[in-house]
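Derivation of every value follows stated rules applied to the coordinates shown; laboratory data play no part. Bear in mind the structure is a predicted one, so any value in this text is a computation, not a measurement. Cβ coordinates were reconstructed from backbone atoms using ideal geometry, including for glycine residues, and neighbour counts include every protein chain displayed.
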Amino acid sequence: MEHHSNLVPWQIIRDRFKVNLKFLDVTDEGYLNVENLPSLISKRTRLLTLTHVSNVLGTINPIEELIKIAHEHDVLVLVDAAQSVPHIPIDVKKVGCDFLVFSGHKMLGPTGIGVLYVDKNASEILQPPFGGGEMISRVDLTKAEWNDMPWRFEPGTPNVAGALGLAAAVDYLKNIGMDNVRKHEIQLTELALRRLGDLERVKIYGPRKTEDRGGLIAFNIEGVNSHDVALLLDELENIAVRSGLHCAEPLHRRFKAQSSVRASFYVYNTVEEVKVFCDTVEKISKLL
């Protein structure tokens, strides 16, 4: 039996498959050091995994450029688009990735369901990790034949309710228009960046250019614990933010932050709400 105590997913993968992991670093402004990628790729490199939009820095990474570099070295690419698919228009064919994943609950859908996009050319190398109904087209006592895509990767009873909920969320966002979603978030983020940037004790993480970031801002008030800021935002104006490490402790360590406060904007937020949020952050910075 394998024992994975005190390991996170990428470390479990490292130990289970005996692979070496290399990491592409970021600049002080929160951008990936794209020019360093070729030096990390060797003849043994098989997969590059990328976050499209950082859930801490908000940076929209140049995935098309990174994918082009990887494919020039015959390296497959998996894109984590959980923070981007709900917020900006994405064309997987134009991007050119081999795999792309995103979750339902970040795009107005239910929890417990997500999407794995697999390019047709990449699907040939994959083997199903689990067994169950629908994934097999023919069975005898000693062997079996896999079903076609996508059923070979969907064993057992499907999450029908989750799939219907996710489809409804997709239709809802399509009706709004992803270009409109993006424009609205840029308006809100621009306002928040400007207002928070004027506060002396507030440190913002990530790019200052709105066009380079998604609709979120991670920040700290100098000398104040992020959890205290989050609690005060809730108590003073019923503002819900996230505080802590956001599942990205090494990234916080890179920017010498114990934790951070993260405010995220979406289609249901308004300019007036962002103004109240910024006013309250200013009030907290003066109170404490």
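Scanning segment 101-142 for residues that are among the aromatic types (F, W, Y) and farther than 30 Å from M178 by Cβ returns a single hit, F130.
Across segment 87-111, the qualifying residues are those that are assigned to a loop (DSSP other than H, G, I, E, B) and among the aliphatic types (A, V, I, L, M), and the one among them that is nearest to L50 (Cα to Cα) is I90. The residues of segment 147-176 that are closer than 13 Å to P86 by Cβ and either among the basic types (K, R) or free of Cβ contacts under 8 Å to residues at least 60 places away in the same chain (or both) amount to a single one, K174.
Just one of the listed residues (L21, L40) is touching a helix residue (DSSP H, G or I) at 6+ places or on another chain (Cβ under 9 Å) and of a type outside the set (V, I, T), namely L21. Here S285, S243 are screened, and the one residue that is surrounded by 13 or more Cβ atoms within 10 Å (Cβ to Cβ), more than 30 Å from P9 (Cβ to Cβ) and among the small types (G, A, S) is S285.
Annotation: E185 fulfils all but one of (1) farther than 30 Å from R46 by Cα; (2) surrounded by fewer than 16 Cβ atoms within 10 Å (Cβ to Cβ); the unmet one is (2). Sub-8 Å Cβ pairs linking a first residue in segment 218-230 that is farther than 13 Å from L245 by Cβ to a second residue that is of a type in the set (F, W, Y), at least 6 apart or interchain, are F219/Y205, ordered by first then second residue. Checked against (1) in contact with a strand residue (DSSP E or B) (Cβ under 8 Å, 6 or more places away or on another chain); (2) within 22 Å of H52 (Cβ to Cβ), I136 meets all criteria but (2).
For the criterion of being loosely packed, with under 11 Cβ neighbours inside 10 Å, over 19 Å from the mean Cα position of the chain (by Cα) and either on the phi > 0 side of the Ramachandran plot or part of a helix (DSSP H, G or I) (or both), D74 passes. Scanning segment 132-163 for residues that are outside any loop (DSSP other than H, G, I, E, B), of a type outside the set (V, I, T) and surrounded by 13 or more Cβ atoms within 10 Å (Cβ to Cβ) yields a count of 7. Within segment 26-44, residues that are assigned to a loop (DSSP other than H, G, I, E, B) sit with their Cβ atoms under 7 Å from residues that are of a type in the set (V, I, T), at 6+ positions apart or across chains, in these pairs: G30/T59; Y31/T59; N33/V26; N33/T27; I41/V75.
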